[in-house]
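In what follows, a structure is listed as structure tokens, so that the remarks can point back to it.
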Amino acid sequence: ELSKNGWLLDITKLKLGENIGEGEFGAVYEGDYMGQRVAVKTIKCDVTAQAFLQETTVMTKLQHKNLVRLLGVILHKGLHIVTELMSKGNLVNFLRTRGRSVVNSAQLIRFALDVCEGMEYLESKKLIHRDLAARNVLVSDDHVAKVSDFGLTKLDSKVSDNAKLPIKWTAPEALKKEKFSTKSDIWSYGILLWEIFSYGRQPYPKIPLMEVKERVEAGYRMEAPEDCPPTVYALMRICWEQDPRKRPTFHKLREKLERETGKCGPGPVS
Ligand code: ATP
């Protein structure tokens, strides 16, 4: 199916460069494909490669300015997944290394809005991400944030592997009853908002991982990050409504965030 639609790339046209990251299943390299700067994710294991081929099939159908774009795949000693290069790396590292003195709150809102728009697009396609977190958001050369890692993205809401769920980012009903939905993505988005406004801190800093599920189930919620605008914290809190039906849609959230951009005005990041 991939070859028919032109998603199969030519290995001889690919120049591999430096290693720029480690994925769960293999290294990520910078590269050049016919003059375009790209990122190349290599998957050596054949079984995993099959699963990733599924992932890329989903990706071929998705095009949005806030989703990391797939250029194609190369089948050569396993699988190479070629995507646009996001030269500023993942959002957690971006925020941690630069911090408050470099990134202002207008830029934080901009990142939040970027991710929200990407997710609004997935929502419109009825796709669930399942692993939305700042580590899975990448930053481009011109500081646009894009959602990546569609590894778990599926149309249906059944998940087979419960053991690998990112507990601090997963909604209570998804942890408990494996009930994934756009509303559980909204929960994760609230955690991601918290990560953004805390400049890449680990969520639930005061609670041992083993206790998080239970505490959240009992109603515990993180406090606002330092200097976080109350209006933004209010958005986090509606994303963390216990009842999924009470959480907003990405569409609604985007509208609310756009009102925030009006308050700070544009601010470049250096
Ligand atoms: P996990 O599932 O554990 O989050 P993974 O196996 O899916 O990780 P990725 O998150 O895709 O691996 O990649 C690992 C790292 O490589 C990222 O955190 C990022 O720093 C870098 N990376 C991945 N894709 C790109 C890209 N398109 N451009 C630039 N850097 C990238």
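What about ARG221, is it of a type outside the set (A, V, I, L, M) and either in contact (Cβ under 8 Å) with a residue 12 or more places away in the chain or surrounded by 16 or more Cβ atoms within 10 Å (Cβ to Cβ) (or both)?
Values: of a type outside the set (A, V, I, L, M): yes; either in contact (Cβ under 8 Å) with a residue 12 or more places away in the chain or surrounded by 16 or more Cβ atoms within 10 Å (Cβ to Cβ) (or both): yes.
Yes.
Looking across region 79-100, the residues that are out of contact with any strand residue (DSSP E or B) (no Cβ under 9 Å at 6 or more places or on another chain) and not in a helix (DSSP H, G or I) come down to GLY99, ARG100.
Among the residues of region 224-265, the one identified as of a type in the set (D, E, K, R), buried (at least 16 other Cβ atoms within 10 Å of the Cβ) and under 20 Å from TYR199 (Cα atoms) is GLU260.
Condition test on VAL103, is it within 22 Å of the chain's Cα centre (by Cα), closer than 20 Å to VAL147 by Cβ, part of a loop (DSSP other than H, G, I, E, B) and in contact (Cβ under 8 Å) with a residue 12 or more places away in the chain? Judged against the criteria, VAL103 is a match.
When the residues of region 59-78 are filtered to those that are over 23 Å from THR12 (Cα atoms) and part of a loop (DSSP other than H, G, I, E, B), which remaining residue is farthest from the ligand (Cβ to nearest atom)?
So in region 59-78, the residues over 23 Å from THR12 (Cα atoms) come out as 59, 61-68.
Now restrict to residues that are part of a loop (DSSP other than H, G, I, E, B): 61-66, 68.
Details: LYS61: 18, LEU62: 14, GLN63: 15, HIS64: 15, LYS65: 15, ASN66: 14, VAL68: 5 Å.
Within region 59-78, the match that is farthest from the ligand (Cβ to nearest atom) is LYS61.
Among all residues of region 47-58, there is none that is more than 10 Å from the ligand (Cβ to nearest atom) and part of a strand (DSSP E or B).
Of (1) at pLDDT below 95; (2) closer than 26 Å to ARG245 by Cβ, ALA163 satisfies all except one. Which? The failed condition is (2). For region 79-100, a tally of residues being within 14 Å of the ligand (Cβ to nearest atom), in contact (Cβ under 8 Å) with a residue 40 or more places away in the chain and farther than 16 Å from VAL139 by Cα returns 3.
When LEU113, LEU108 are screened for being away from the ligand (no atom under 13 Å from the Cβ), among the aliphatic types (A, V, I, L, M) and crowded, with 22+ Cβ neighbours inside 10 Å, only LEU108 passes. Pairs are defined by a Cβ separation below 6 Å, a sequence spacing of at least 6 or placement on different chains, a first member in region 25-52 that is under 17 Å from ILE11 (Cβ atoms), and a second member that is more than 9 Å from the ligand (Cβ to nearest atom) and part of a loop (DSSP other than H, G, I, E, B); the pairs so defined are GLY26/LYS44; ILE43/GLY78; LYS44/GLY78; ALA49/GLY78.
Do you know which of the residues in region 36-46 that are basic (Lys, Arg) and part of a strand (DSSP E or B) is surrounded by the most Cβ atoms within 10 Å (Cβ to Cβ)?
Within region 36-46, the match that is surrounded by the most Cβ atoms within 10 Å (Cβ to Cβ) is LYS41.
Within region 17-35, the set of residues being in a strand (DSSP E or B) and either out of contact with any Asp or Glu (no Cβ under 8 Å at 6 or more places or on another chain) or surrounded by fewer than 14 Cβ atoms within 10 Å (Cβ to Cβ) (or both) comprises GLU18, ASN19, GLY21, GLU22, ALA27, GLY31, ASP32, TYR33. Across region 116-142, the qualifying residues are those that are in contact (Cβ under 8 Å) with a residue 60 or more places away in the chain and within 16 Å of the ligand (Cβ to nearest atom), and the one among them that is farthest from the chain's Cα centre (by Cα) is LEU138.
The values are calculated or read from the model by the stated rules, or taken from the named source; none is laboratory data. What you see is a predicted model, and the numbers here were worked out from it, not measured in a lab. Cβ coordinates were reconstructed from backbone atoms using ideal geometry, including for glycine residues, and neighbour counts include every protein chain displayed.
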